[in-house]
Amino acid sequence: MKTKFGRRRNNILAITKITNLEFGKMVQAAAAKLNQNAEFINSLNVFPVPDGDTGTNMSMSMASGAKYEREDTSENVGDLANSLAKGLLMGARGNSGVILSQIFRGFAGGCKGKKDLSAQEFVDAYANGAQTAYKAVMKPTEGTILTVVRESAQAGIDTVKTTNDIEKILEEICSAADQALQKTPDLLPVLKEVGVVDSGGQGLDYVLHAFLEALTGKVTVETKPDNAQMNEMINAKHHQSAQGKLDPADIKYGYCTQIMVRIGRGKQVTQKFDYDTFYNYLAKLGDSLLVINDDEIVKVHVHTEHPGKVLSWGQQFGDLQTVKVDNMRWQQEQIMDEDEPSVAENADADGEKEAPGTAVIAVAAGQGISELLKSLGVTHIISGGQTMNPSIQDIADAINNSGAKQALVLPDNGNIFMAADQAKDIAEIPTAVVHTKTIPQAMTALLEFNPDSTLDENHTAMEDALDTVKSGAVTTAVRDTTVNGITIKKDDYIGIVDGDIVTTDSDLATTAEAMVKKMLDEDSSVVTIYYGEDGNQDQADQLQRAIEEMDDELDVQVYEGDQPVYPYLISVE
C-alpha cells in the first residue's frame with residue numbers, strides 16, 4: 001500500500017521521505033522545545049553565575065530560524081532549509097547560537113535543490129552540517145556541541161546503510177546524541193568537576209528529539225512558531241541603542257502593538273480561535289510579528305500602521321486583557337535627541353552630521369560604562385553583554401548603519417566573538433573584530449586607537465594591547481558547586497579573574513579585596529574599579545582605600561559603571 005511517506009512494513013508506517021510539511025513541523029517543534037527548556041539549558045552553565053545564557057541564545061536563534069522558515073511559502077525542502085539557515089544566521093546569539101546556525105547552514109547546503117528529502121539525503125545533509133560546524137570553529141573542542149553533532153551524524157550514516165525508514169534513523173541519531181551528551185563530562189574535565197553535561201550539546205539534543213517527535217506526531221510541547229520569551233525577543237530586536245542613528249522616516253511600520261487576548265471571553269467574540277487564521281490576518285498588517293498562545297491566552301506583538309485593526313481583530317476571538325501601543329517614530333526622535341551631544345562632536349563647520357571615517361562599535365551594558373567607552377572613542381554602542389548577547393543581525397546593522405567607511409567591533413565578551421566574526425563577514429564595509437573579552441580589555445584597546453591609522457594598523461595595535469590588562473569581576477553564585485577546587489555556596493559572592501573563579505565569600509568587600517590581591521603583581525601600577533547598579537559609591541570608595549593599603553604606590557581609580565549583574569568590574573594594569 002502506497003502512502004505519501006512510503007510503504008507499510010509489518011503494519012508500521014515507514015517514513016521514507018520528508019516533505020515540506022514535515023520539515024516545517026520539525027523546525028517549529030525544535031524552536032518550541034528549545035524555548036520550553038531554555039532555563040534548564042541555562043542552568044548547565046559551568047560557572048554558577050546569574051547570567052548563564054546558552055539556553056536563551058539557542059532558543060532565540062532557533063526562533064529566528066523558525067520565523068524565516070515559516071514565512072517561506074516554497075514547497076521545496078531545499079528552499080525551506082535555506083530560509084531556516086538564513087534566519088538562524090541573522091538571529092544567532094552567542095557562540096552556541098552561531099554553531100547551531102552553522103550546523104543548519106551545512107544542512108541547507110546538503111538539501112539544495114531538493115523538493116523532498118529521502119533517508120539518504122537527510123543523513124547526508126545532517127552529516128554536512130556536522131562538518132560545517134567543525135570548520136566554523138577555529139579550535140574545535142571535544143566535549144561540546146561539536147561532539148554531539150559529530151557522533152549523532154555518524155549514527156545516521158551507519159543506520160541508513162540498513163534502512164530507509166527516517167523514523168528509525170532519527171531514533172538512532174537521537175540515541176547517539178544522548179550518549180555523546182552524557183560523556184561530555186569525560187571529555188571536558190571542567191564539566192565533570194561541576195557535575196553537568198555540556199549546555200550547547202544539550203540544546204542540540206533537544207532539537208533532534210523535537211525533530212523525531214514532530215516527524216512521528218508525538219510532539220510533547222506546543223509547536224507554535226517563535227514560541228520564545230516575548231519580552232526578550234522584543235528587547236533584543238527592537239530596542240538596541242545602536243539604532244540611534246536611524247531616521248524615523250525610514251521606519252516602515254510605526255506602531256509597536258502588543259495585546260493579550262483571553263480566548264473565547266467577552267461580548268464581541270465572533271470567531272472560534274484558530275492559530276493559522278489568527279496569525280495570517282495579522283501577518284498582512286505589518287512585520288516583526290510574534291503570536292504565542294495556550295488554551296486560554298494569545299499574546300501578540302506586531303509592528304504595524306494600523307494598531308486599531310490589531311485590537312479589533314483580537315476582540316473577535318476574546319476580550320483584551322492588556323493593550324500596549326508605542327509610536328516608534330516618536331521614540332526614535334527621542335533617542336536621536338538624546339544622542340545629539342555625541343552627534344555634535346562629529347559635525348562639520350556647517351553644522352551637518354559627519355559620519356566617522358572608522359566606526360568603533362562596542363557591546364556594553366550600563367550607562368556609565370557606555371559613556372566611558374564613548375569618551376575613549378567608541379562611536380556606537382550595542383546594548384548587551386553576557387546577560388543579552390546581540391545577534392549577528394544586530395551587529396551587522398550597527399556596522400551598516402554607521403555611515404562610516406570602515407568599522408572596528410569590540411564584542412567585550414568571549415561569547416559574542418563568533419557572532420561578531422560572522423557579522424564582519426556579511427558587513428557592507430571593511431570591518432575588523434578586536435577580540436575583547438571584557439570591558440577593561442576594551443578600555444585598554446581603545447587607548448591604542450588612532451583615527452588616522454588604517455583599519456589593519458588599528459586592529460593589530462588594539463589586539464596587541466589586550467594582554468596588558470587583567471580583568472576581574474564580582475558577582476553572586478546561583479547554585480552550590482565546586483569549580484577549580486573552590487567550594488561555592490549559592491548566593492555567596494564569587495571573584496572571577498580572566499575567566500577563572502579565584503575566590504568566594506559571603507561578604508562582597510571581602511570577595512573583591514581577595515580577588516584584587518590575586519590580580520596584583522610587582523608590575524601592577526593602576527587599578528580601576530567600575531561599580532555596578534548593585535554597588536554604590538561608598539562601598540567602592542572603601543574598596544579603593546583597602547586596595548591602596550595593599551600597595552601605597554598603586555593608582556586606584558573609581559568609576560560608576562551602572563552595569564547589571566556584576567557589583568564590581570575591576571582592571572589591573
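The values are calculated or read from the model by the stated rules, or taken from the named source; none is laboratory data. Note that the structure is predicted; figures quoted are calculated from it, not measured. Neighbour counts run over all protein chains shown; Cβ positions are idealised from the backbone, glycine included.
Pairs meeting the criteria (first residue in the stretch 267-286 and under 13 Å from His301 (Cβ atoms), second residue part of a loop (DSSP other than H, G, I, E, B), beta carbons under 6 Å, at least 6 apart or on different chains) are Leu285/His306; Gly286/Tyr253.
Might you check whether a residue that is surrounded by 18 or more Cβ atoms within 10 Å (Cβ to Cβ), polar (S, T, N, Q) and over 24 Å from Gln367 (Cβ atoms) occurs anywhere in the stretch 467-481? Yes, the stretch 467-481 contains a residue that is surrounded by 18 or more Cβ atoms within 10 Å (Cβ to Cβ), polar (S, T, N, Q) and over 24 Å from Gln367 (Cβ atoms). Residues of the stretch 402-440 that are part of a helix (DSSP H, G or I) and of a type outside the set (A, V, I, L, M, F, W, C): Gly414, Asn415, Asp421, Gln422, Lys424, Asp425, Pro440.
Screening Asp425 on (1) surrounded by 15 or more Cβ atoms within 10 Å (Cβ to Cβ); (2) closer than 30 Å to Leu100 by Cβ; (3) of a type in the set (Asp, Glu); (4) in the same structural domain as Ser370 (by TED's automatic domain parsing) shows it passes everything except condition (1). I want to confirm something. Restricting to the stretch 514-537 and keeping residues that are over 15 Å from Tyr566 (Cα atoms) and not aliphatic (A, V, I, L, M), which single residue is surrounded by the fewest Cβ atoms within 10 Å (Cβ to Cβ)? In this case the residue turns out to be Glu522.
Mind listing whichever residues of the stretch 439-490 are among the hydroxyl-bearing types (Ser, Thr, Tyr) and closer than 15 Å to Ile501 by Cβ? Correct list: Ser471, Thr475, Thr476, Thr481, Thr482, Thr487.
No other residue among Ile547, Ile488 is closer than 14 Å to Tyr568 by Cα and touching an Asp or Glu at 6+ places or on another chain (Cβ under 9 Å) apart from Ile547.
Checked against (1) out of contact with any Ser or Thr (no Cβ under 8 Å at 6 or more places or on another chain); (2) in the same structural domain as Gly532 (by TED's automatic domain parsing), Thr504 passes all but a single condition, namely (1). Within the stretch 510-559, the residues that satisfy the criterion of being assigned to a loop (DSSP other than H, G, I, E, B) and within 35 Å of the chain's Cα centre (by Cα) are Leu520, Gly532, Glu533, Asp534, Gly535, Asn536. In summary, Phe449 fulfils each of the numbered conditions (1) surrounded by fewer than 19 Cβ atoms within 10 Å (Cβ to Cβ); (2) in the same structural domain as Ala407 (by TED's automatic domain parsing); (3) assigned to a loop (DSSP other than H, G, I, E, B) with the single exception of condition (1).
Summed over the stretch 454-494, residues that are in contact (Cβ under 8 Å) with a residue 12 or more places away in the chain, outside any loop (DSSP other than H, G, I, E, B) and not hydroxyl-bearing (Ser, Thr, Tyr) total 18.
Under 7 Å between Cβ atoms, at least 6 apart or on separate chains: pull out the pairs that start in the stretch 115-131 with a residue that is at negative phi and end on any residue that is aromatic (Phe, Trp, Tyr) and assigned to a helix (DSSP H, G or I). Close Cβ pairs (under 7 Å, with a partner that is aromatic (Phe, Trp, Tyr) and assigned to a helix (DSSP H, G or I)) amount to Ala125/Phe107; Tyr126/Phe107; Asn128/Phe107; Gly129/Phe104; Gly129/Phe107.
Is it the case, given these coordinates, that Lys405 is charged (D, E, K, R) and out of contact with any Gly (no Cβ under 7 Å at 6 or more places or on another chain)? In short, no. When you look at Pro430, is it more than 22 Å from the chain's Cα centre (by Cα), in contact (Cβ under 8 Å) with a residue 60 or more places away in the chain and surrounded by fewer than 19 Cβ atoms within 10 Å (Cβ to Cβ), yes or no? Judged against the criteria, Pro430 is not a match. Entry remark, the stretch 53-105: residues being touching a residue at least 40 places away in the same chain (Cβ under 8 Å) and part of a loop (DSSP other than H, G, I, E, B) number 5 in total. Please work out if Ala63 is within 13 Å of the chain's Cα centre (by Cα), at pLDDT 90 or above and either crowded, with 24+ Cβ neighbours inside 10 Å or not assigned by TED's automatic domain parsing to the domain that holds Pro564 (or both). Considered against the rule, which asks whether it is within 13 Å of the chain's Cα centre (by Cα), at pLDDT 90 or above and either crowded, with 24+ Cβ neighbours inside 10 Å or not assigned by TED's automatic domain parsing to the domain that holds Pro564 (or both), Ala63 comes out as yes.
Specify the residue that is modelled with the lowest pLDDT; the eligible residues are those in the stretch 196-235 that are of a type outside the set (D, E, K, R), assigned to a helix (DSSP H, G or I) and farther than 16 Å from Ala38 by Cα. Looking at the filtered set, the residue picked out is Ile234. Got at least one residue in the stretch 396-404 being within 25 Å of Glu533 (Cα to Cα) and surrounded by fewer than 21 Cβ atoms within 10 Å (Cβ to Cβ)? Looking for residues that are within 25 Å of Glu533 (Cα to Cα) and surrounded by fewer than 21 Cβ atoms within 10 Å (Cβ to Cβ), one finds none in the stretch 396-404, hence no.
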